[in-house]
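Colleague: One structure, pasted below without further comment.
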Ligand code: HAM
């Protein structure tokens with residue numbers, strides 16, 4: 001038997017109902033906030049991720065799925081969505097249009113990680129990228145959109161952990177402070193961190209090996225190195241979040257594992273997570289230098305991404321299935337071939353009029369069809385028999401009250417719609 005690759009999932013049955021439910025809520029909220037759907041390729045040239053996510057990030061160093069295609073090109077399965085959207089923004093010269101661009105996406109991402117609960121090799125993210133505005137209100141909008149989507153899904157006790165990395169000047173003085181702090185301690189840290197000290201000392205702070213060490217805990221905090229402009233900007237973001245009633249906590253330890261961030265960075269958790277895992281349901285931040293670094297103009301960007309698989313795991317704990325389970329509204333029953341011809345016609349008319357409808361395709365007898373209709377929680381039954389059909393009638397039965405009504409076959413669709 002061929003089995004699925006490690007770190008991938010099949011989504012089916014009750015789980016697929018939850019996926020549909022989350023997708024519907026996400027799509028609706030994105031529309032309310034006026035975000036436009038964007039779809040970029042699942043694979044891109046490897047260079048894109050090296051230049052955006054960063055050579056020194058764990059994602060690019062250890063986790064990408066890289067291969068050569070038949071034309072000898074270096075290709076990478078996307079590990080995240082931001083790089084592709086920004087590439088598309090530049091390549092399609094969307095920056096030339098005067099308005100702000102607000103995009104959302106939903107798709108699979110690929111990271112060669114050690115699989116565990118909420119950590120997969122193929123996983124799904126939905127996210128947004130807003131391009132062209134540096135208004136702190138956009139930072140607050142993006143964070144509150146993420147917060148409100150998760151709230152609309154009834155995930156409780158949400159908390160946003162937020163921090164600011166500041167502008168280039170602030171980041172440089174912070175970098176210098178980190179080098180000064182870590183240099184005398186470097187022998188106590190892992191081999192990767194020794195390398196990180198030279199390439200990107202910020203990455204030491206999200207080291208998975210040394211994450212509990214006192215050295216990391218006592219490291220300088222970004223917030224103490226913000227220049228006035230960056231600090232004022234961050235204060236505005238927090239003020240707007242207060243108005244938007246987002247429950248947040250300033251957490252100076254958040255630096256994020258991707259290299260493209262500056263200014264606001266954030267992660268969102270549910271505090272109800274009693275399985276001990278502290279994994280974020282979503283995260284994001286501002287990346288004002290990235291567009292220029294990818295050969296675009298000097299512009300601004302910010303976004304977030306949420307892990308669908310992690311959100312579904314949360315919802316599974318909430319016993320939601322019964323509320324979202326799809327019900328079959330009508331089951332059309334027949335026995336003879338003549339009755340079946342009418343059944344085919346009625347089922348099609350009902351479906352095309354928006355009624356969720358099913359019929360017998362397993363050659364069951366009437367008894368079997370009644371059982372099937374009960375199993376599907378059907379509300380109304382249309383029971384066809386040759387006698388009634390000769391008079392142009394069909395029998396409609398309410399499956400709860402068991403009340404039966406003879407209806408003219410030409411009016412059955414209207415009758416059913418009126419009685420659902
Ligand atoms: P990220 O923190 O790498 O950020 O991922 C965002 C979310 O994706 C995580 O909080 C988590 O819920 C989910 N996720 C990440 N890795 C896995 C995995 N292996 N298995 C399951 N879920 C996972 C980004 O990807 C950035 N592109 C976010 C962003 C958008 N920043 C600006 N714009």
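Colleague: When the C-alpha atoms of the range 265-420 are aligned to their principal axes, what extent does each axis show, in angstrom, from largest down?
Modeller: 76, 42, 29
Colleague: Provide, as a two-decimal number, the C-alpha radius of gyration of the range 260-347 over 2.2 N^0.38 Å, N being how many residues it has. Could you put the intermediate results ahead of the total?
Modeller: Values: Rg = 25.1 Å, N = 88, 2.2 N^0.38 = 12.1 Å.
After normalising by residue count via 2.2 N^0.38 Å, the value is 2.08.
Colleague: Between the range 233-298 and the range 15-71, how many Å separate their Cα centres?
Modeller: If you average the Cα positions of each part, the centres end up 18 Å apart.
Colleague: What is the Cα radius of gyration of the range 1-64 over 2.2 N^0.38 Å, N being its residue count?
Modeller: Compared with the compact-globule rule of thumb, the range 1-64 sits at 1.60.
Colleague: Cα axis of helix 337-352 to longest principal axis of the chain: angle in degrees, 0 to 90, nearest 10?
Modeller: For 337-352 against the chain, the angle is about 40 degrees.
Colleague: Stokes-Einstein at 37 °C, 0.692 mPa s, Kirkwood radius from Cα pairs: D for the range 55-124 in µm² s⁻¹?
Modeller: 231
Colleague: Further question: If you average the sequence gap of Cα pairs under 8 Å that are 6 or more apart and divide by the length of the range 171-241, what percent do you get for the contact order?
Modeller: Answer for the range 171-241 is 35 percent.
Colleague: In degrees from 0 to 90, rounded to the nearest 10, what is the angle of the helix 366-375 Cα long axis to the longest principal axis of the chain?
Modeller: On a 0 to 90 degree scale, this one is about 30.
Colleague: Find the all-direction average of the projected area of the Cα convex hull for the range 133-251, expressing the result in square nanometres with one decimal place. Walk me through the numbers before you get to the answer.
Modeller: Values: hull surface 34.8 nm².
Over every viewing direction, the Cα hull of the range 133-251 projects on average to 8.7 nm².
Colleague: Further question on the same structure: If you bin every alpha carbon distance in the chain into 20 Å steps from zero, what whole percent lands in each bin?
Modeller: The calculated distribution, bin by bin, is 22, 44, 23, 11, 1.
Colleague: Give the angle, between 0 and 90 degrees and rounded to the nearest 10, that separates the Cα long axis of helix 228-243 from the longest principal axis of the Cα atoms of the chain.
Modeller: Value to nearest ten degrees: 30.
Colleague: Here's something else I'd like to know. Rounded to the nearest 500, what is the 222 nm mean residue ellipticity of the chain from helices alone, with -39500 (n - 2.57) per DSSP H run of 4+ residues and division by all residues? Kindly include the intermediate steps, with their values, before the conclusion.
Modeller: Values: 15 runs with 151 residues, N = 420.
Helices in the chain give a 222 nm mean residue ellipticity of -10500 deg cm²/dmol.
Colleague: Another question, then. Compute the relative contact order of the chain as a whole-number percentage, counting only Cα pairs closer than 8 Å that sit 6 or more residues apart in sequence. Provide the component values of the computation, followed by the final result.
Modeller: Numbers: 695 pairs, mean separation 66.2, N = 420.
Relative contact order of the chain: 16 percent.
Colleague: How many percent of all Cα-Cα pairs in the range 83-207 sit more than 16 Å apart?
Modeller: The calculated P(r) of the range 83-207 puts 77 percent of pairs beyond 16 Å.
Colleague: How big is D, in µm² s⁻¹, for the range 9-112 by Stokes-Einstein at 20 °C and 1.002 mPa s if Rh is the Kirkwood radius over C-alpha pairs?
Modeller: Value of D from the Cα-based Kirkwood radius: 136 µm²/s.
Colleague: Where the centre of each part is set by its Cα atoms, how far does the range 371-420 sit from the range 115-170, in angstrom?
Modeller: 50
No value in this document is a laboratory result; all are computed from the given coordinates. Worth saying up front: this structure is predicted, and the values here are computed from it rather than measured.
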